[in-house]
Structure formats: structure tokens, C-alpha cells
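Below is one structure, written out as C-alpha cells, with a few remarks after it.
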Amino acid sequence: MGDLPLNINIQEPRWDQSTFLGRARHFFTVTDPRNLLLSGKQLEASRNIVQNYRAGVVTPGLTEDQLWRAKYVYDSAFHPDTGEKVVLIGRMSAQVPMNMTITGCMLTFYRKTPTMVFWQWVNQSFNAIVNYSNRSGDAPITVQQLGTAYVSATTGAVATALGLKSLTKHLPPLVGRFVPFAAVAAANCINIPLMRQRELQVGIPVTDEAGQRLGHSVTAAKQGIFQVVVSRIGMAIPAMGEGKWDTNHSVVSVSPQRRPWLGAPLQVGLPVLFCCSSIHVTRLEPELRAQIQAQNPSIDVVYYNKGL
């Protein structure tokens, strides 16, 4: 008596995802940096609560708020498709502290080539970990494929930064201040597709509204990776795209500097604008489209995990 009902849909976010506020509350909860402080025992306890509930077993004395808390702790630390625990700095809850630290260093040490190369390498190494940890689908990737993707992504990113720096060498110092942002934007276009190239080869799972897997789609993978690239570039804008000053510290655009507390919310909140993870059946590959229409003619839209 008093146990939770089994009809709470923890497959979906707690808040209405058709509204911006609902999406924002969902993403702020998943990316809460305090989740990094949770012990392995607490993470396992949350996983057990979630898996037991999905299997129809309610932990005695569990409240609805505790169930949702366990669901979001689970989502913050475990991959949604493979179920494996994500490495600490690869979790989305590490995005704000890690990105703010690395971004600050890139903006501070951009003048000298060795330090610029070092921090671009650190940034792209971190991005490679995040991109791999938050990839979509459960298709295996070999160590050789992972190593090739990492070397290609980081080399391309550093080469981009060096090329941009050389192009701006004889331009006003203000222009040079935008090199880190331009390098990050260009590098995201290289890093993310390379680290997730397996998805572009075999596709990612697409499901119906109830979460039943319908097949794998390369088209959905392309759309998802594009959305992630755009949102990652958007995440860099608050810290790197505005508030630039020259070597005499003459402020040009200062909105983040006057309101530094906006940096973290904007960095996490911007991806909410690109969190759509659905695609119309007519846009899928002909074979998959025919298969879905034959088995489920009433389905017009399918869903997928685009990664973060």
C-alpha cells in the first residue's frame, strides 16, 4: 500500500518538451554540475531504482520526486543507448566547469603560438571525449577507429587555429581576439563528425513515440550531428564571441562581462534551442521508409537520440 504507480513515464523528460521552459528545466537538470560530486554508490543506487522501476519493481518507500531525481542522476552519468557509465569529464554535467575553464585559458593565452596550440589541443581533446561519450546509438567502434578519429580531429583543429592566427598576424589586435572562437567553431565542424563517423556509416536507431526501435538511419544521424555542431558553436558564443577587448582593454561589446552570471546559463541553455530529435518518415532512406510504412502505416514521425 502506498507504493508508486507504475504508469509514470520516466522514458520521457519530467517537463513538457513542447515548451522552451520545459526543455530548459530538463537540460539544466541533466547538466547540473553538482552531479559530478555524486559517489559511485549513489550513481549505482539511482541506476538500480530506474532499472527496477522500468522492470515493474518499485523500491519500497520511493516517492515520485525521488524517482525523478534518480532518473536524472542516471541520465547524467550513463549512456542512454549502451547503458555504460560515462567517464567523468565526458558527462554533460561537466560541460559548464570544463568549458568555462578551457575557454578562459584559450582567451588568455592566445597570443603566443605554443600556448595557443596547447590549449587548442586540450580543448579538442576534451571535445573528443565529450563527443564520443555522448554519441548516438550503440554501434561498436574499434580502438583503431577511435584513435584515427581523435588524431584527425585534434590535428585538424590545431591546424585551423594556426592557419587563422597566421592570417590575422598583420590585422588589428581586436581581430586576433576572435581567433579562438573562429578556431573552436571550425574545429567543431571537424571534431564532431570525425568522432561520430561510425554513426554516419551504419546510422543511428530510430524509434516510434513509445520507444520501440524501428531500424537504423544514416539520414537521422546526419541531421542529429548537424544539430549538435550548431549547438556547440552556439555554446561558445557567450564566452568567446562577445565581450572582446584589444590589448589596451578598450571594451567593444560587454554584455557577458557586465553580467558574468549569464555565461553558464547561456552555455547550457543555447543547446535547448536545437534539442529537436525527430524526423519525418518521408525524409528517411527509401528502404527504411518502406519498412516502416509496411509495418506501421500510421507512423508519420520517428524519434532518435541525437547525442549532445
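The values are calculated or read from the model by the stated rules, or taken from the named source; none is laboratory data. What you see is a predicted model; the values in this text were computed from it and never measured. For neighbour counting, all protein chains shown are included, and Cβ atoms are generated from backbone atoms with ideal geometry for every residue, glycine included. For the accessible areas, the whole protein counts, side chains as well, though only heavy atoms, and no ligand, DNA or RNA atoms are used. Shrake-Rupley method; radii C 1.70, N 1.55, O 1.52, S 1.80 Å.
Annotations
- Number of the condition not met by residue 85 [criteria: (1) charged (D, E, K, R); (2) open to solvent by 50 Å² or more (accessible area, probe 1.4 Å); (3) at pLDDT 90 or above]: (3)
- Contacts under 7 angstrom Cβ, first residue in the stretch 52-78 being over 20 Å from residue 26 (Cα atoms) and free of Cβ contacts under 8 Å to residues at least 40 places away in the same chain, partner open to solvent by less than 50 Å² (accessible area, probe 1.4 Å) and of a type in the set (S, T, N, Q), 6 or more apart: 52/59
Yes/no matrix, rows are residues, columns are (1) part of a helix (DSSP H, G or I); (2) open to solvent by 30 Å² or more (accessible area, probe 1.4 Å):
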position: 99; (1), (2): yes, no
position: 110; (1), (2): no, no
position: 117; (1), (2): yes, yes
position: 120; (1), (2): yes, no
position: 145; (1), (2): yes, yes
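- Qualifying residue in the stretch 16-32 (condition: within 21 Å of residue 91 (Cβ to Cβ), of a type in the set (Ser, Thr, Tyr) and either in contact (Cβ under 8 Å) with a residue 12 or more places away in the chain or loosely packed, with under 12 Cβ neighbours inside 10 Å (or both)): yes
- Summed over the stretch 45-62, residues that are open to solvent by 50 Å² or more (accessible area, probe 1.4 Å) and assigned to a loop (DSSP other than H, G, I, E, B) total 4.
- Selection status of residue 104, within 24 Å of residue 156 (Cα to Cα) and either crowded, with 16+ Cβ neighbours inside 10 Å or acidic (Asp, Glu) (or both): no
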